[in-house]
Amino acid sequence: MHSRRSFLQHSLLAASAASFSLNSLAKAAEAASVPQASRILVGFGAGGGIDLLARVLAENIATQLGKSHYVVVDNKPGANGQIAAQILLNAPSDGGTYLIAPLITPVLSQIVYKKPGYDPARDFSPVSLLAHFQFGLAVPAKHPARNIQEYVAWLKAHPQQANFGSPAVGSLPHFFGLLLGEAAGVNIVHVPYKGGPAMMTDLISGQLASAIQTTSELGPLHKEGKVRILGTFGNQRSRELPKVPTFAEAGYPKAMGSGWYSLWARKGTSAEAIQTVNHAVNQALIDPKLQPKWAELSLQPDPRTPQALEQLRVAEIAKWRPVITASGFSIE
């Protein structure tokens, strides 16, 4: 009996060791598909939300791939992310270069630019969706509208003053304003700014009737009573602003959407490298230790497969193309 038990224990230990060895070999093989030195391109300057997201992911991915790997963040700001996209376009497809991009790069660029210079479906391979972030519409604290319905009524009663600001022409807030105008059946004049600070100064002072910006930027001013956020564009209420309704809740379901960040590789990158990085990214997004960081950045993690990211990209183009085309807006 003792001999039989010892034999069984030995067999189980051997099987366990073999399983561990196979798992280790599989992980080593996966990591080997990604060069030891990899980089993540960011088309915006250091210190912003997308840059901070990239740096947290880079560190976590490198840790998961092993001590021999390191991942650097390479900031290439300019042209609303287009410069970084062009660098990815010209990068080798060896699994060593990736691009973290906001929605404008894989979606809006294909609609607003007459010659975007790249086609995500042809030139890039999806790796993973990363996270969503929300936008809201705010009015000055002294504005008479206290809710979305009163705001729409005010727009219709004051067409000469009906305007909204965005931090840049061709930005996502710009297009959310178009979406809202279409949903509410009103014409809201777009007032573009060169950055958010100047826009917020005019909003607070009352020189601007309303503004659309991320909830992470508007939230602190709303809580301080300097502006009033009337509604958010997400499919559910913002975690930071649980008392603020969505436009869908207020009866405008077409005025719904969010910003999101995603990760892309050069077309031709091996399926093994993409799968390895996708797995590492998704593990980081669901890591309990990183949830406070995602909340701090006002991000809602949404790990998906490469195929699901491509499906989202196609659906978003179908959503935004008629809105932007009807406005006549384009960039050379």
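Do you know which residues across the stretch 103-113 are farther than 16 Å from Leu129 by Cα and open to solvent by 10 Å² or more (accessible area, probe 1.4 Å)?
Selection gives Gln110, Ile111, Tyr113.
Which of the following residues is open to solvent by 30 Å² or more (accessible area, probe 1.4 Å) and not assigned by the TED database to the domain that holds Asp123: Glu240, Glu272?
After ruling out the rest, the residue left standing is Glu240.
Out of Pro306, Pro301, report the one residue that is open to solvent by 20 Å² or more (accessible area, probe 1.4 Å) and modelled with pLDDT of 95 or more.
Checking each option against the conditions leaves just Pro301.
Looking at Ala162, is it assigned by the TED database to the domain that holds Gly231, over 16 Å from His143 (Cβ atoms) and not aromatic (Phe, Trp, Tyr)?
Here the answer is no, as Ala162 does not meet what is asked.
Return only the number of the condition from (1) over 19 Å from Asn278 (Cα atoms); (2) in contact (Cβ under 8 Å) with a residue 40 or more places away in the chain; (3) surrounded by 21 or more Cβ atoms within 10 Å (Cβ to Cβ) that Ile100 does not satisfy.
(1)
For Ile87, indicate whether it is of a type outside the set (D, E, K, R), modelled with pLDDT of 95 or more, assigned by the TED database to the domain that holds Pro303 and assigned to a helix (DSSP H, G or I).
For Ile87, the condition - of a type outside the set (D, E, K, R), modelled with pLDDT of 95 or more, assigned by the TED database to the domain that holds Pro303 and assigned to a helix (DSSP H, G or I) - is met.
Does Ile229 qualify as being open to solvent by 40 Å² or more (accessible area, probe 1.4 Å), in contact with a helix residue (DSSP H, G or I) (Cβ under 9 Å, 6 or more places away or on another chain), among the aliphatic types (A, V, I, L, M) and outside the structural domain of Gly47 (by the TED database)?
no
With respect to Ala318, determine if the residue is of a type outside the set (Phe, Trp, Tyr), in the same structural domain as Gly48 (by the TED database) and surrounded by 15 or more Cβ atoms within 10 Å (Cβ to Cβ).
no
So that you can scan it fast, the table gives a plain yes or no per residue for (1) among the basic types (Lys, Arg); (2) touching a Gly at 6+ places or on another chain (Cβ under 7 Å):
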{"site": "Leu108", "(1), (2)": "no, no"}
{"site": "Val112", "(1), (2)": "no, yes"}
{"site": "Gly117", "(1), (2)": "no, no"}
{"site": "Phe124", "(1), (2)": "no, no"}
{"site": "Leu130", "(1), (2)": "no, no"}
{"site": "Phe133", "(1), (2)": "no, yes"}
{"site": "Leu137", "(1), (2)": "no, yes"}
{"site": "His143", "(1), (2)": "no, no"}
{"site": "Arg146", "(1), (2)": "yes, no"}
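Considering only residues that are closer than 22 Å to Phe133 by Cα and in contact with a Leu (Cβ under 6 Å, 6 or more places away or on another chain), look in the stretch 8-51 and name the one that is modelled with the lowest pLDDT.
My answer is Gly49.
Kindly indicate the residue of the stretch 56-69 that is buried (at least 17 other Cβ atoms within 10 Å of the Cβ) and either touching a strand residue (DSSP E or B) at 6+ places or on another chain (Cβ under 6 Å) or of a type in the set (Gly, Ala, Ser) (or both) and also farthest from Asp302 (Cα to Cα) among those meeting that condition.
Ala62
For the structure I just gave you, tell me whether Leu155 is closer than 25 Å to Val244 by Cα, outside the structural domain of Ala211 (by the TED database) and buried (at least 20 other Cβ atoms within 10 Å of the Cβ).
Considered against the rule, which asks whether it is closer than 25 Å to Val244 by Cα, outside the structural domain of Ala211 (by the TED database) and buried (at least 20 other Cβ atoms within 10 Å of the Cβ), Leu155 comes out as no.
Being in a loop (DSSP other than H, G, I, E, B), over 19 Å from the mean Cα position of the chain (by Cα) and surrounded by fewer than 19 Cβ atoms within 10 Å (Cβ to Cβ) is true for just one of Pro92, Pro77. Which residue is that?
Pro92
The values are calculated or read from the model by the stated rules, or taken from the named source; none is laboratory data. No experiment lies behind these values; they were computed from the predicted model shown. Using ideal geometry, Cβ is built from the backbone for each residue, glycine included, and neighbour counts are taken over all protein chains shown. Note: areas computed on protein heavy atoms with side chains; ligands, DNA, RNA excluded. Shrake-Rupley method; radii C 1.70, N 1.55, O 1.52, S 1.80 Å.
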